[in-house]
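Right, one structure below, let's go through it.
Nothing in this text is a laboratory measurement; each read-out follows from the coordinates by a stated rule. Everything numeric here is computed off the predicted structure, so don't read it as measured data. In this analysis, Cβ positions are derived from the backbone assuming ideal geometry, glycine residues included, and neighbour counts consider all displayed protein chains.
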Amino acid sequence: MKTVLFACVHNAGRSQMAAAWFNRLADPAKARAISAGTEPGTRVHPEVLEVMKEVDIDLSAQRPTYLSDDLARTATMLITMGCGEACPVVPGLRRDDWPLDDPKGRPAAEVRQIRDDIRGRVSELVTREGWASA
């Protein structure tokens, strides 16, 4: 099984949404997603919890996780979202960067746009890699 690691700075917004969408859209027998941050926050941003709940994804039990080199080595692919040079470089690990705005403190309408952008990117990734749920 493949593991995709989504990483942003605080692991309280973008990467949490991406991992949740991935795990919703991918066949769990083929791939799964985890998320982490280079400077993890203390909780998922309330505005992210709110807009994800609108699409029946509950992130209330999720907690930001530190992006360690060891965690990165467990992944097949690393997708970064704004952590730049702070994200670990693991030889042989496929890597991509999705430039996305941080949803923290933004109005719900903007957070919805970020959520929907992430969903589109995740859907395209899952389809391209052949991991889509039947």
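Yes or no: A134 out of contact with any Ser or Thr (no Cβ under 6 Å at 6 or more places or on another chain), farther than 18 Å from A20 by Cα and either in contact (Cβ under 8 Å) with a residue 12 or more places away in the chain or not in a loop (DSSP other than H, G, I, E, B) (or both)? No: the conditions fail for A134.
Taking S68 and the conditions (1) under 24 Å from K2 (Cβ atoms); (2) within 15 Å of the chain's Cα centre (by Cα), which numbered condition does it fall short on, given that it satisfies the others? If we test S68 against (1) under 24 Å from K2 (Cβ atoms); (2) within 15 Å of the chain's Cα centre (by Cα), just (2) comes out false.
Looking at segment 29-53 only, could you name the residues that are touching a residue at least 40 places away in the same chain (Cβ under 8 Å), more than 18 Å from D116 (Cα to Cα) and not charged (D, E, K, R)? Across segment 29-53, the qualifying residues are A31, I34, G37, T38.
Considering segment 72-87, and only residues there that are under 18 Å from F22 (Cβ atoms) and surrounded by fewer than 18 Cβ atoms within 10 Å (Cβ to Cβ), the residue that is nearest to the chain's Cα centre (by Cα) turns out to be M77. If you filter segment 88-107 down to residues that are closer than 16 Å to A12 by Cβ and of a type outside the set (D, E), you find that the one that is surrounded by the fewest Cβ atoms within 10 Å (Cβ to Cβ) is G105. Of the residues making up segment 10-28, those that are crowded, with 24+ Cβ neighbours inside 10 Å and either under 21 Å from V89 (Cβ atoms) or of a type in the set (D, E) (or both) are N11, R14, S15, A18, A19.
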